[in-house]
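Comments concern the structure below.
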Amino acid sequence: MSSVASETKIAQPAAEATGTTRPLSVFVHLAADKDAVAWREAWRSRTLVGVNEETPYGYGRATGMGCTVEFSRTSPESFAVKIIRLGLRVLTGFDVIHALRQRPALLDADVVWTHTESQYLAVAAVLSWSRRRPKLLGQSVWLFDRWKTLTPLHRLLYRRLIRHVDVLTVHSSVNLAVAQALFPDKRVVLVPFGIPSEQVTSPVARTGRPLRILSVGNDRHRDWTCLVEALDGLSDAVCVILSGTAPHALTKGRPNLQIMQARTNSEFFARLAEADVVCVPLKANGHASGITVIQEAVLAGVPVIATATGGLEVYFGADAVRYVPPGDPQALRDALQDIARDPANAQARAVRAQQHMADAGIGAQSFIRQHVELSHEMLGQQVPKSLGASAEGQSDPRPTSKP
């Protein structure tokens, strides 16, 4: 095995008992630009911005839950091959060449995990040509948001490929309902997304002036226009947007608005530490857009204002996060003014958000644990008692799934 392969495979110590005859073999198929070795190097150098850990999205935690974990690898390729690969991805919506390169490793696994539909559709295409079939856990993010806008040919192709997915998972109660309606014979499970939640900063009352607003994100469903229109009516507020996609033209005529990118984690956490409120403005969506930033803010002890869309209320109720309607700058402005007028109440809401995050088990540990549980269920194995929610002293935020 090459040195790269040995670095991307995480073996479980033999002493860890799981109640099965051997560790569960998991292959995590990620996008070509999410190579586990590059991820680890960026994480160690603190250029991987946000609350992350050594393995992509925390999937390496499964090694402490009775699994061996191997990650997909990015292969060197010529410019011509890259153009062909990316061209096929544009045409089909998934990267089949990247998946084909992982074929020996993924076929050798007991179960394959994917992070978005782009990966599981590609893996399903590979499995459709293979006699040996590991179980496939297909995690969707954007697919069901845009299902109605897909061409008939794409819908037909995706339906055929989803036949090879054993369990579909989503992060949002909204997408859960859509997926169940589209695929009534397929098991669909809501698995709330979670980030590493072990490091927490206690909320404090933030009484400085001007009101310091921080907004973060690159998601296609961020509503920057709504945010800046709300900001126009606030004379005693400054706003920093950390984004690689927000249009810089929005800053024109707005001296109290900055748009930039955090290049390192030190920059990102410094912005969080000085913020009075984290604002997550959103367009209507079905995939819990913004939930990563909300969790990062909650862990940092910063009050959150978010648009009530995408099923975010399943994660945090209105007593923990201040919600506003979609596309309503006045409601957003009022919520921001309330933060400035009553910092003690904002602090109390931030305290409740942190407590709920701990009590409900929202975080990477629960996110990965549910992947392991579902994997055992797909294989017809008894779920080890050590994986139960009671072992962590936490309730399970996952609602009942439809078989």
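Some points to look at:
- Accessible area of the chain belonging to carbon and sulfur atoms, whole % at 1.4 Å probe: 54 percent
- Between THR307 and VAL280, LEU282, VAL324, the built amide H atoms are under 5 Å apart, and every one of these is 5 or more places off in sequence or on another chain.
- Contour excess over end-to-end distance, with Cα ends at ASP319 and ARG159 and 0.36 nm allotted per residue: 53.6 nm
- Simple Cβ-charge dipole of the chain, Lys/Arg +1 and Asp/Glu -1, about Cα centre, in debye nearest 20: 1220 debye
- For the chain, modelled as a GNM whose springs connect Cα atoms under 10 angstrom apart, the maximal fluctuation among ALA80, ALA246, ALA31 occurs at ALA80.
- Protection proxy ranking of 346-357, 60-71, by the mean of other Cβ atoms within 10 Å over each peptide's residues and highest first, is 60-71, 346-357.
- Using the Karplus relation 6.51 cos²θ - 1.76 cosθ + 1.60 with θ = phi - 60°, the per-residue 3J(HN,Hα) values for the stretch 144-160 come to 7, 5, 10, 4, 5, 8, 5, 5, x, 5, 5, 4, 4, 4, 5, 4, 5 Hz, with x marking Gly and Pro.
- Highest-first arrangement of 322-332, 376-386, where packing means the average Cβ count within 10 Å: 322-332, 376-386
- Spin-label pair VAL81/ASP338, simplified geometry with 7 Å Cα→Cβ offset, distance in nm: 5.6 nm
- Of ALA179, GLY208, PRO192, farthest towards positive along the dipole that unit charges on Lys, Arg, Asp, Glu beta carbons give the stretch 158-217: GLY208
- Computing FRET efficiency as 1/(1 + (r/R0)^6) for ARG146 and THR207, where r is the C-beta to C-beta distance and R0 is 30 Å, gives about 0.10.
- Secondary-structure-derived ellipticity at 222 nm for the chain, considering helices only, amounts to -11000 deg cm²/dmol, per-run term -39500 (n - 2.57) for DSSP H runs with n ≥ 4.
- Nearest-0.05 FRET efficiency for THR245 and SER130, computed from C-beta distance (R0 51 Å): 0.85
- Of ILE241, ILE83, ILE162, the residue with the greatest mean-square motion in the GNM of the chain, using alpha carbon springs below 10 Å, is ILE83.
- For the stretch 10-150, with +1 on Lys and Arg beta carbons and -1 on Asp and Glu, the positive-most of TRP129, LEU100, ALA38 along the dipole: TRP129
- With protein chains left intact and a 1.4 Å probe, residues in the chain average 43 Å² of accessible area per residue.
- Tensor-based shape of the stretch 277-379 (alpha-carbon gyration tensor, a/c under 1.5 rounded, otherwise prolate or oblate): oblate
- 3J(HN,Hα) from dihedral phi, the stretch 108-115, Karplus parametrisation 6.51/-1.76/1.60, rounded to Hz, x for glycine, proline: 7, 8, 6, 8, 10, 9, 10, 9
- Expected-Rg normalisation [2.2 N^0.38 Å, Cα atoms] applied to the stretch 188-291: 1.16
- Three-way shape label, the stretch 19-173, alpha-carbon gyration tensor, a/c 1.5: rounded
- Distance (nanometres) between label positions extended 7 Å along Cα→Cβ at ALA181 and LEU91: 3.3 nm
- Only one residue of ASN256, LEU312, THR55 has its Cα farthest out toward the positive end of the dipole of the chain, where Lys and Arg carry +1 and Asp and Glu -1 on Cβ, and that residue is THR55.
- Residue-wise HN-Hα coupling along the stretch 268-279, computed from phi with Karplus coefficients 6.51, -1.76, 1.60 (Hz; x: Gly, Pro): 4, 5, 5, 5, 4, 5, 8, 6, 8, 7, 9, 10
- Length added when fully stretched, TRP43-ALA284, from 0.36 nm per residue minus Cα-Cα: 83.6 nm
The values are calculated or read from the model by the stated rules, or taken from the named source; none is laboratory data. Model, not experiment: these values are computed from the prediction. Heads up, the Cβs are rebuilt from the backbone with ideal geometry, glycines too, and the neighbour counts pull from every protein chain shown. Quick note on the areas: whole protein, heavy atoms, side chains included, nothing else; ligands and nucleic acids left out. Shrake-Rupley method; radii C 1.70, N 1.55, O 1.52, S 1.80 Å.
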